[in-house]
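> Dropping a structure here in structure tokens format, bear with me for questions.
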Ligand code: NAD
């Protein structure tokens with residue numbers, strides 16, 4: 001049985017007292033055990049990261065960036081191996097796993113520009129013989145806590161910018177799929193990253209709580225479900241840290257009657273069923289405006305029934321299993337609830353079995369029609385391959401539903417009307433908006449984040465907000481007077 005421990009100060013550690021089982025979702029087999037760190041082990045990692053911070057932050061930004069360039073090349077060279085690790089532990093199909101690595105690498109590419117990104121502002125002669133400028137300096141030791149659904153990309157939203165800016169990092173991956181982060185830690189060492197700059201501490205609530213309350217952790221980045229995001233935000237902030245905590249979602253597609261329906265249906269298939277719906281930017285609700293609902297169902301249903309569901313390691317599959325037996329039960333429970341609450345179940349994935357994978361956590365694509373806003377399957381995040389169609393009379397009713405929902409991560413409008421699209425972009429209360437784009441995940445040089453209960457904290461992930469989050473500003477005002485400049489002044493100094 002494979003044993004996964006921690007990666008601290010440039011090497012793998014011994015096993016912790018407690019461990020958790022890691023499963024292969026496609027087969028349901030127990031494949032590995034992962035160590036769960038105690039508070040004492042977290043302390044030891046933070047101590048080493050703190051020691052590494054001094055020399056690392058003194059290294060020139062250009063040299064830090066050069067290590068990231070090498071890391072990028074190593075990830076590309078090991079792409080197949082990393083993608084297979086993701087697929088084996090998460091279940092998503094191989095090409096999707098590669099896609100997540102590429103989206104993560106884009107943040108590495110952005111972080112390689114750190115010499116430029118760290119430049120401050122400068123004003124000459126703010127007063128007679130006085131100049132002013134700003135410095136952007138590292139915070140110290142910072143921590144990242146990741147969810148299971150993007151085991152490579154979400155950590156890469158965090159650590160490349162953090163370490164490029166001169167911080168040292170403690171990563172706490174999901175205990176459900178920790179292997180690919182451990183491999184990235186090895187590749188960072190191979191790229192020349194000094195020991196202690198990037199550390200992986202595996203664990204559960206005990207390790208997370210130790211990070212949230214540790215006096216030497218300066219900032220915490222979190223991505224996961226909303227109840228935990230809220231807890232992370234409150235606890236870490238109460239312990240004096242900067243926090244960005246990204247939570248759950250219920251992303252709506254607003255489908256206007258004038259949309260190109262074929263294009264919208266293709267977009268919807270990928271956005272609702274890709275990665276078995278386990279994406280925070282998955283579309284889980286379609287608001288079908290006017291009479292577009294019937295035509296939508298007619299085109300959508302055969303495609304859902306034709307979905308190729310199976311082991312993601314086998315080529316040609318479009319959808320893999322869910323992450324765990326518990327999550328499969330939870331999602332099936334939502335489907336049962338939808339039926340009990342009176343929605344029309346047009347595609348029922350509960351009956352699916354995959355040959356030679358009878359113990360795998362598979363669920364076929366599910367489609368509900370005539371869902372209403374009072375239903376549980378409308379209100380709650382399901383995080384599975386379950387799409388709900390809500391029929392609405394007009395655009396205004398659709399917009400109001402999106403704006404009233406508790407989550408505000410992503411949304412999309414499909415239309416050929418520039419006027420409707422512009423109105424939507426301006427008035428919708430959601431952090432990331434697509435116009436004929438179903439999953440509007442911003443590129444690495446923009447920032448990623450939702451509104452409402454999809455994000456706690458003011459700064460989004462990566463892009464300019466990422467640089468801002470992982471640096472503190474210092475404003476300097478300087479003059480070089482000759483001799484004694486005059487008498488003491490007891491009034492508020494003003495520039496003359
Ligand atoms: P989760 O909240 O269960 O776990 C996330 C992390 O928190 C894990 O590392 C886990 O070990 C830790 N954790 C879990 N319970 C904890 C507790 N009680 N105390 C302290 N730490 C705890 O989330 P998940 O199931 O791994 O991921 C799925 C969720 O993540 C979905 O809700 C999804 O929408 C969300 N997500 C959001 C985004 C976004 O950008 N907004 C991106 C990806 C995933």
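> Based on the Cβ-Cβ distance of residue 66 and residue 209, what FRET efficiency does E = 1/(1 + (r/R0)^6) give at R0 = 35 Å, to the nearest 0.05?
With R0 = 35 Å, the Cβ-Cβ based efficiency is 0.45.
> Using the basic label-point model (7 angstrom from Cα toward the beta carbon), what is the residue 403 to residue 237 distance in nanometres?
So the label points at residue 403 and residue 237 sit 2.5 nm apart.
> So how much slack lies between residue 47 and residue 476, counting 0.36 nm per residue of separation and subtracting their Cα-Cα distance, in nm?
Full-extension gain reported as 151.4 nm.
> Kindly work out what percent of the DSSP beta bridges joining two residues of segment 122-213 are antiparallel, to the nearest 5.
So the antiparallel bridges amount to about 25 percent of the total.
> Still on this structure, please answer the following. Which values of log₁₀ I(q)/I(0), to two decimal places, follow from the Debye formula for the chain at q = 0.08 Å⁻¹ with a uniform point scatterer at every Cα?
Relative scattering, expressed as log10 I(q)/I(0), comes to -0.52.
> What would the Debye formula give as log10 I(q)/I(0) at q = 0.22 Å⁻¹ for the alpha-carbon point model of segment 315-447, no solvent?
-1.31
> A further question follows. What's the center-to-center distance, using Cα atoms, between segment 228-258 and segment 42-95 in Å?
Each part's Cα centre sits 25 Å from the other's.
> Pairs of Cα atoms under 8 Å, at least six residues apart: use those to get the relative contact order of segment 1-61, whole percent.
31
> Right, next: Hey, what did segment 14-146 get for relative contact order, percent, Cα under 8 Å, at least 6 apart?
Computed value for segment 14-146: 21 percent relative contact order.
> I would also like to ask the following. Per residue, what volume in Å³ does the Cα convex hull of segment 42-113 take up?
Hull volume over Cα atoms, normalised by residue count, gives 104 Å³.
> Antiparallel versus total DSSP beta bridges in the chain: what percent is that, nearest 5?
Expressed as a percentage, antiparallel bridges in the chain total about 40.
> Moving to a separate point now. If you project the alpha carbons of segment 285-333 onto their three principal axes, what span does each projection cover, largest first, in Å?
For segment 285-333, the Cα extents along the three principal axes come out at 39, 28, 12 Å.
> Sort 348, 96, 465 so the one with the fewest other Cβ atoms within 10 Å of its own Cβ comes first.
348, 465, 96
> Moving to a separate point now. At 1.567 mPa s and 4 °C, plugging the Kirkwood radius over alpha-carbon pairs of segment 381-465 into Stokes-Einstein gives what diffusion coefficient in µm²/s?
93
> When all alpha-carbon pairs of segment 242-316 are counted, what percent fall beyond 20 Å?
In whole percent, the share of Cα-Cα pairs in segment 242-316 beyond 20 Å is 40.
> Using alpha-carbon pairs under 8 Å, 6+ residues apart, how would you state the relative contact order of segment 74-181 in percent?
Normalised by residue count, the contact order of segment 74-181 is 29 percent.
> State the Cα centre-to-centre distance between segment 17-35 and segment 368-441 in whole Å.
37
> Fewest to most neighbouring Cβ within 10 Å: what's the order for 90, 446?
Listing 90, 446 from fewest to most nearby Cβ atoms yields 446, 90.
> Normalised by the empirical 2.2 N^0.38 Å for globular proteins, what value does the Cα Rg of segment 293-375 take?
1.17
> Next question. Using only alpha-carbon positions, what ratio does the radius of gyration of segment 178-237 give when scaled by 2.2 N^0.38 Å?
Dividing the Cα Rg of segment 178-237 by 2.2 N^0.38 Å gives 1.30.
> Please give, to one decimal in nm, the separation of the simple spin-label points placed at residue 425 and residue 230, each 7 Å out from Cα toward the Cβ.
Between residue 425 and residue 230, the label points sit 3.3 nm apart.
> What full-extension length gain, to one decimal in nm, is calculated for residue 394 and residue 306 as 0.36 nm per residue of separation minus the Cα-Cα distance?
That works out to 28.6 nm of additional length.
> For segment 1-82, what ratio Rg/Rh do Cα atoms give with a Kirkwood hydrodynamic radius?
Result for segment 1-82 is an Rg/Rh of 1.08.
> Under the √(5λ) rule applied to the eigenvalues of the Cα gyration tensor, what semi-axes describe the equivalent ellipsoid of segment 1-154? Give them in Å, descending.
Semi-axes from the Cα gyration tensor: 38, 22, 13 Å.
> Taking every Cα atom in segment 79-198, find the radius of gyration and the maximum pairwise distance Dmax, and write them in Å.
In Å, with Rg to one decimal and Dmax whole: 18.0, 65.
> Give me Rg over Rh for segment 126-274, both radii from the alpha carbons and Rh done the Kirkwood way, two decimal places.
1.12
> For segment 212-369, what size does the Cα cloud have along each of its three principal axes, sorted from largest down, in whole Å?
57, 44, 34
> So how far, in whole Å, is the C-alpha centre of segment 284-299 from the one of segment 314-346?
21
> Listed highest first by mean packing, meaning other Cβ atoms within 10 Å per residue, what order do 55-68, 429-442 come in?
Top to bottom by mean Cβ count within 10 Å: 429-442, 55-68.
> Summing -39500 (n - 2.57) over the DSSP H runs of n ≥ 4 in the chain and dividing by its residue number, what mean residue ellipticity at 222 nm do you reach, to the nearest 500 deg cm²/dmol?
Using -39500 (n - 2.57) per qualifying helix, the result is -12000 deg cm²/dmol.
> So if each residue of separation counts as 0.36 nm, and I subtract the Cα-Cα distance between residue 38 and residue 492, what length gain in nm does that give?
158.2 nm
> Calculated FRET efficiency, residue 29 and residue 339, Cβ-Cβ r, R0 35 Å, to nearest 0.05?
Once the sixth-power term is evaluated, E becomes 0.65.
> Which log10 I(q)/I(0) values does segment 444-496 give at q = 0.15, 0.23, 0.25 Å⁻¹ under the Debye formula, counting every alpha carbon as one identical point scatterer?
-0.63, -0.97, -1.06
> Given that compact globular proteins tend to follow 2.2 N^0.38 Å, what is the ratio of the alpha-carbon Rg of segment 348-403 to that value?
Normalised by 2.2 N^0.38 Å, the Cα Rg of segment 348-403 equals 1.49.
Any read-out appearing in this document is the output of simple, stated calculations on the displayed coordinates, not a laboratory observation. Every value quoted in this text rests on a predicted model; they were computed, and no experiment measured them. Using ideal geometry, Cβ is built from the backbone for each residue, glycine included, and neighbour counts are taken over all protein chains shown.
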